[in-house]
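This report concerns only the one structure given below.
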Amino acid sequence: MNNRRDFLRSSAVLGGVLLFSPANSGARSLERSNLNNNEEKKTRVLGKGSQALKVSTLGLGCMGMSYHRSFVPDKKAMIALLRKAPDLGVTYFDTAEAYGPLINEELVGEAVAPFRKDIIIATKFGFKNGKPAEGLDSRPEQIRAVVEHSLRSLKTDYIDLLYQHRVDPKIPVEDVAGTVKDLIREGKVKHFGMSEAGVDNIRKAQAVQPLTALQSEYSLMTREPEKDVIKLCEELGIGFVPYSPLSRGMISGYLNERSKYNPNNDNRPSLPRYHAKNVIANWPLIDVLKEFGDQRGLTVAQVALAWLLAQKPFIVPIPGTTKLAHLQENMGAAGYEFASGELEALTGKLDQIKIVGERYVGQSAEQTKK
Ligand SMILES: NC(=O)c1ccc[n+]([C@@H]2O[C@H](COP(=O)([O-])OP(=O)(O)OC[C@H]3O[C@@H](n4cnc5c(N)ncnc54)[C@H](OP(=O)(O)O)[C@@H]3O)[C@@H](O)[C@H]2O)c1
């Protein structure tokens, strides 16, 4: 299996070289055909020192295989996709107690069991009964109970990266970090992360248990983290993991104002950004990405992911998908290198587009203001 996997990885890398080498740039093509150079492009490091964690340049968001993306695909198909993912270079798998709830961890655990030791599993705690609608719960005893449950669901005896899903204002963040520190000491957890935490809480937590990663929404439709948290991550040596990097599928051209969602298993109908009039108003973003990609053999999603990767070397986006073709496409974005001036010119055009429609409303919005 390893030989086959190595072969497939090399093929994927070579595929990337052919796909992304500009025809008029012989020297750069030769340089890029060096497998060692490409090997470096396939991984990134989240966190520093004893908190450092080597992961694939893009991770795989597993949430949509069970939760919040309208349909729930056949389990066998998702297990096959998850087992194929390492062949495409994926080593970081992102799940949470809340996805399902509970069933997404079970799916991931079953799928990765044959190669568990070779990959990184990230999961999250922090909601009452694992259900975001019921509110937050990061009491230390609850964190411990969730971790025990996650370990069983994931069929493993350690969690590589454990995130607090949302800051719980009732529990001092130092107590949360202290509980995770104890779990690390006990060997049940290897690294600590937070999701959608603000600068003050990140600093307070970092003083107790240094973080490996901050996971927050970041995409070409949600650039708020550029204001302060990405800068703080750089200062403190914390990795940054953009979730919903394709804005829940919108930054691909695959969705449009006529797209239909299942409101019983999808948060998009409740989010203004996915309402038809806002989708139309935001379409110039897709136009700019498409124009850039059309000239370079890239899809809209690939340009969007390559742009995120180009912002900082400690950024590891985790696009979610239920399709092998989309996974291949998304992983291919890591092979694109912006030529001198190209990124700045693209960013200049993107900066002129005003995105309309809030990303969250109500309780979800409140939970991200921490
Ligand atoms: N920490 C948090 O609070 C939080 C919140 C939300 C999500 N997350 C994590 O982030 C991961 C990703 O977020 P997300 O699923 O919300 O958003 P996303 O990755 O921006 O978008 C996923 C959607 O895009 C579609 N898609 C993916 N690649 C595509 C491509 N190349 N072309 C066209 N469509 C494509 C997928 O549909 P198909 O299945 O049809 O490809 C899916 O519906 C989740 O799985 C989860 O692990 C974390």
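Kindly establish whether ASP118 is in contact with a helix residue (DSSP H, G or I) (Cβ under 9 Å, 6 or more places away or on another chain), within 18 Å of THR321 (Cα to Cα), acidic (Asp, Glu) and touching a residue at least 24 places away in the same chain (Cβ under 8 Å). It is false that ASP118 is in contact with a helix residue (DSSP H, G or I) (Cβ under 9 Å, 6 or more places away or on another chain), within 18 Å of THR321 (Cα to Cα), acidic (Asp, Glu) and touching a residue at least 24 places away in the same chain (Cβ under 8 Å).
Number of residues in the stretch 296-335 that are away from the ligand (no atom under 15 Å from the Cβ), within 30 Å of GLY47 (Cα to Cα) and part of a loop (DSSP other than H, G, I, E, B) equals 3. For the stretch 166-211, give me each residue that is away from the ligand (no atom under 16 Å from the Cβ), outside any helix (DSSP H, G or I) and over 21 Å from the mean Cα position of the chain (by Cα). Hits for the stretch 166-211 are PRO169, LYS170, ILE171, PRO172, GLU186, GLY187, LYS188, GLN209.
Out of curiosity, is ALA98 surrounded by fewer than 23 Cβ atoms within 10 Å (Cβ to Cβ) and among the hydrophobic types (A, V, I, L, M, F, W, C)? For ALA98, the condition - surrounded by fewer than 23 Cβ atoms within 10 Å (Cβ to Cβ) and among the hydrophobic types (A, V, I, L, M, F, W, C) - is not met.
Restricting attention to the stretch 353-365, does a residue exist that is in a loop (DSSP other than H, G, I, E, B), touching a strand residue (DSSP E or B) at 6+ places or on another chain (Cβ under 7 Å) and within 23 Å of ASN282 (Cβ to Cβ)? Even if it seems obvious, please write down each step before you answer.
The initial filter retains those residues of the stretch 353-365 that are in a loop (DSSP other than H, G, I, E, B), namely 353-361.
Still in the list and also touching a strand residue (DSSP E or B) at 6+ places or on another chain (Cβ under 7 Å): 359.
From the residues that got through so far, the ones that are within 23 Å of ASN282 (Cβ to Cβ) too are 359.
Looking through the stretch 353-365, at least one residue is in a loop (DSSP other than H, G, I, E, B), touching a strand residue (DSSP E or B) at 6+ places or on another chain (Cβ under 7 Å) and within 23 Å of ASN282 (Cβ to Cβ).
For the stretch 56-81, filtered to residues that are hydrophobic (A, V, I, L, M, F, W, C) and touching a Phe, Trp or Tyr at 6+ places or on another chain (Cβ under 7 Å), the residue that is nearest to the ligand (Cβ to nearest atom) is MET63.
Restricting attention to the stretch 159-209, the residues that are over 20 Å from GLU134 (Cα atoms), touching a residue at least 60 places away in the same chain (Cβ under 8 Å) and either of a type in the set (A, V, I, L, M) or touching a Leu at 6+ places or on another chain (Cβ under 8 Å) (or both) total 6.
A quick yes/no check of all residues on (1) loosely packed, with under 15 Cβ neighbours inside 10 Å; (2) of a type in the set (A, V, I, L, M); (3) in contact (Cβ under 8 Å) with a residue 40 or more places away in the chain:
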residue: GLU291; (1), (2), (3): yes, no, no
residue: GLN295; (1), (2), (3): yes, no, no
residue: THR321; (1), (2), (3): no, no, yes
residue: ALA325; (1), (2), (3): yes, yes, no
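Within the stretch 237-295, if we keep just the residues that are touching a Pro at 6+ places or on another chain (Cβ under 6 Å) and either part of a strand (DSSP E or B) or closer than 14 Å to LEU220 by Cα (or both), the residue that is nearest to the ligand (Cβ to nearest atom) turns out to be LEU246.
FYI, it's all coordinate maths here, none of it is from the lab. Keep in mind that what you see is a predicted model, and the values were worked out from it rather than measured. Ideal geometry is used to build each Cβ from the backbone, glycine not excepted, and the neighbour counts take in all protein chains shown.
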